[in-house]
Amino acid sequence: MVFWVFGYGSLVWNPGFEVDEKVVGFIKDYRRVFDLACIDHRGTPDHPARTCTLEKCEGAICWGAAYCVRGGEEREKEAMEYLERRECEYDKKTLVKFYREGDSDVPFLADVIVFTSTQDKISNKYYLGPAPLEDMAWQIATAYGPCGNNRDYLFLLEKAMFDIGHEDDYVIELANEVRKVLGMTKGDSPKEKKLLGASYVPLKSNLSPLKVKALA
């Protein structure tokens with residue numbers, strides 16, 4: 001048995017379960033958006049955080065990492081049970097084709113699991129939908145839950161995409177807007193201030209190492 005899952009949010013920097021292989025790559029016709037509520041990790045029911053989900057978009061590419069679990073049905077079951085607890089706000093599991101870095105023509109994997117969400121506020125109570133960039137930035141800058149603050153989630157994702165060599169302009173723009181809210185950018189426009197390795201601005205986190213491992 002072989003189990004593969006694609007990570008495009010916190011799984012990129014913290015899978016949280018034992019993996020046998022990690023492959024950097026992408027999926028096609030999806031883009032990363034911050035349209036999903038988180039009410040038990042990085043936010044609360046009264047002040048939900050905004051976290052990543054995927055939106056269908058023809059021609060788009062979403063970079064991330066695919067993780068493999070080998071060793072039989074029991075290990076696969078344990079990994080899936082962990083992921084279903086962690087990704088509880090996502091109401092769908094979709095099978096997608098995964099392309100390895102350096103080869104965009106032939107899929108490296110045909111059936112990779114990815115957690116996604118129904119884009120309907122009636123059928124999916126966690127779906128927030130799109131909002132103006134400034135409004136999302138204020139929400140992310142101020143949301144906080146049992147596992148830490150929402151802005152750390154965004155900044156860690158920004159850094160993780162830099163680390164794998166595939167920055168996401170949307171993530172950078174949103175992160176810089178959050179920095180403006182926090183008074184960290186001195187009026188720089190998001191387009192002018194990009195992540196440049198050592199210039200990454202870390203924030204003080206209230207997360208303990210154990211919580212980061214479990215629920216980042």
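Sequence gap at least 6, Cα distance under 8 Å: using those rules, report the relative contact order of the stretch 2-215 to the nearest whole percent.
Numbers: 398 pairs, mean separation 50.0, N = 214.
Value for the stretch 2-215: 23 percent.
Give me the distance between the Cα centres of the stretch 58-134 and the stretch 1-17, rounded to whole Å.
The stretch 58-134 and the stretch 1-17 have Cα centres separated by 9 Å.
Along the charge dipole of the stretch 1-97, Cβ charges K/R +1 and D/E -1, which of Met80, Val69, Thr51 sits furthest on the positive end?
The residue sitting farthest along the positive end of the dipole is Thr51.
Compute, for the stretch 2-215, the length of the dipole vector about the Cα centre, with Cβ point charges of +1 (Lys, Arg) and -1 (Asp, Glu) only. Units Debye, rounded to 20.
Charge dipole of the stretch 2-215: 580 debye, to the nearest 20.
Arrange the peptides 104-113, 49-58, 74-83 so that the one whose residues have, on average, the most other Cβ atoms within 10 Å appears first. If you can, show how the numbers build up before the last one.
Details: 104-113: 13.8, 49-58: 20.9, 74-83: 15.3.
So the order, starting with the most tightly packed, is 49-58, 74-83, 104-113.
Would you mind ranking Ile27, Ile164, Ile140, Ile122 by Cβ crowding within 10 Å, fewest neighbours first? Working shown, then result.
Numbers: Ile27 23, Ile164 16, Ile140 27, Ile122 7.
Going from least to most buried by this count: Ile122, Ile164, Ile27, Ile140.
Kirkwood hydrodynamic radius, the stretch 34-75, all distinct C-alpha pairs: what's the number in Å? Walk me through the numbers on the way to the answer.
On the way: mean 1/r = 0.0743 Å⁻¹.
It is 13.5 Å.
Every number here is computed from the coordinates shown, using simple stated rules; none is lab data. Quick caveat: nothing in here was measured; it's all calculated off a predicted structure. Positions of Cβ are generated from backbone atoms using ideal geometry, with glycine treated the same way; all protein chains shown enter the neighbour counts.
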